[in-house]
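Take a look at the structure below.
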Amino acid sequence: MSKRRIHILALGGTIATRPDASGVMQMGAGADDLVAAVPALAGLADIEAETVSRVGSHSLSFDQIHALAAKIAASRADGVIVTQGTDTLEETGFLLDLLLRGDKPVIVTAAMRNPALTSPDGPGNLLAAVRVACDPWIRRHTRSLGVMAVMLDEVYAAADVIKAHPTRLDAFAAPQTGPLAALVEGRVVPLGLPVRDPIDIARNKLGKVAGRAQPVALLWLGLDEPGALLEAMLNAPDRLGYRGAVIGAMGGGHVPERMAGSVARLAAVLPTVVSPRAGGGPLLRHTYGGASAEIELRKAGLIWGGRLHPLKARVLLEACLRAGVSRDTIAEVFDAFG
Ligand code: ASP
C-alpha cells in the first residue's frame, strides 16, 4: 500500500526550541528541523512540513487558531499533525475540534522536555502522532474521534485532555474519560470512542464560526472572593472590553454569598457561564437552595457549563460569541455538555 501523506504544521513551543549562546531556550526550529530529528518518519508516511509560526503557545491567539483551522481544512493530505507548545494545547485542540469537520485525522502534539535536555519527548511524540494519523482503526473512526492530542504514547480527545502539571513528562491527562488509545510497540491499541453528541450539537447550532475576536473573561473563584473584578466589569460601560465571562465556580455550581448579586447582575448584561473550578465534571442543577447556589443562579440567567473544564468553556463561549448566536442558543449549546 502506498504511504499516507501527512502534513505537519509547526507553530512553535518547547518542541521547537534551541539553546541560544547563553544556554537559554528560544523558539528557533521550524517544521523541517522537527522532521529531520525523527528519521523513522520517512518510513511511515510521505511528510510535508510547514512552519506556521515560531511562538510559544502561551502567546497564541484565537485568530491564529482560526487561520490554522482554515489551513487544515484546505490541506489535501491524509492527516494533519500540529506541533505547538504544551501551555495551551488543551484549548487550541478543543477549538480545532469545534471548527473542523473531521474528514481526516487531526492531531496536536508537543513536548514537555526541550531538545537540550537528556531524553526530550518531542521526537517520540511526533513519531507517535504520525503513527496515530496513519493507523487503520483511527482512520476508520476519524469522524467519531474528532481532533486528538497525542502525548507520551497516549491518544486523548481534544474535548477532554488537560495539562495537569506544569513540568512533568506525563503532564497530560483526561481525568473524566481516560485516553482513547495507547501506543505499544508502535501499535495503536484502541481503548474507547468519545461521546461526540455535545460537539456535534455545538457545531450544528453555531454554523460557520467567523467574525471578530470576542474577549471572554475567566474568573476562577476562591475562598472569600469579594467579587471586585466583577463589580469593575459591571461599572465599566464597555464591560472592560469583555463580551462574555466564565465563572470557575465552587463545587456543583456555587459562588460566595457576598458576590452572588454581582454574578447575577453580570449574567443580565453579558453571557456568563458557570463552570466547575474542580476542572470538569457535571454541575448540579437542583440540589442546593439560596442565592449563591445552582437553583437561584440558573433562575438569574447564568448559563450552566456542564462538564466542561473552565478553559474549554471559555473556548466554547468565544466560539458562540464569534458565531453571533443568541443567549438562548449559547445556553442550549452548553446544556448538551451535561
Ligand atoms: N511555554 C511553552 C509553550 O507552551 C511550553 C511548552 O511548549 O511546553 O509554548
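Table for the structure above
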| item | result |
| --- | --- |
| Mean separation of Cα contacts under 8 Å (6+ apart) over length of the chain, as relative contact order % | 13 |
| Mean shadow area of the chain, taken as a quarter of the surface of its Cα convex hull (nm²) | 17.7 |
| Helical mean residue ellipticity (222 nm; -39500 (n - 2.57) per DSSP H run of 4+; nearest 500) of the chain | -9500 deg cm²/dmol |
| Gaussian network model of the chain, springs between alpha carbon atoms under 10 Å - residue of Pro179, Pro19, Pro310 with greatest fluctuation | Pro19 |
| Dimensionless Rg ratio for the stretch 206-338, taking C-alpha atoms and the 2.2 N^0.38 Å reference | 0.96 |
| Under the Debye formula (equal points on every Cα, no solvent term), log10 I(q)/I(0) of the stretch 133-270 at q = 0.13, 0.19, 0.21 Å⁻¹ | -0.81, -1.11, -1.18 |
| Where GluC sites (Glu not before Pro) fall in DSSP loop in the stretch 183-270, at most 16 other Cβ within 10 Å | Glu185 |
| Relative contact order (%) - criterion: Cα under 8 Å, at least six apart; region: the stretch 1-141 | 32 |
| Nearest 10 degrees, 0 to 90: helix 197-206 Cα axis against the chain principal axis | 70 |
| Relative frequency of Cα-Cα separations exceeding 19 Å in the stretch 86-172, percent | 36 |
| Top of Val263, Val38, Val82 by mean-square fluctuation, Gaussian network on the chain, Cα under 10 Å | Val38 |
| Peptides 302-308, 236-242 ordered by average Cβ neighbours within 10 Å, highest first | 302-308, 236-242 |
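Read-outs throughout are calculated quantities, based only on the coordinates presented, and are distinct from any laboratory measurement. All of these numbers come straight from a predicted model, not from anything done at the bench. Note: ideal-geometry Cβ built from the backbone for every residue, glycine included; neighbour counts use all protein chains shown.
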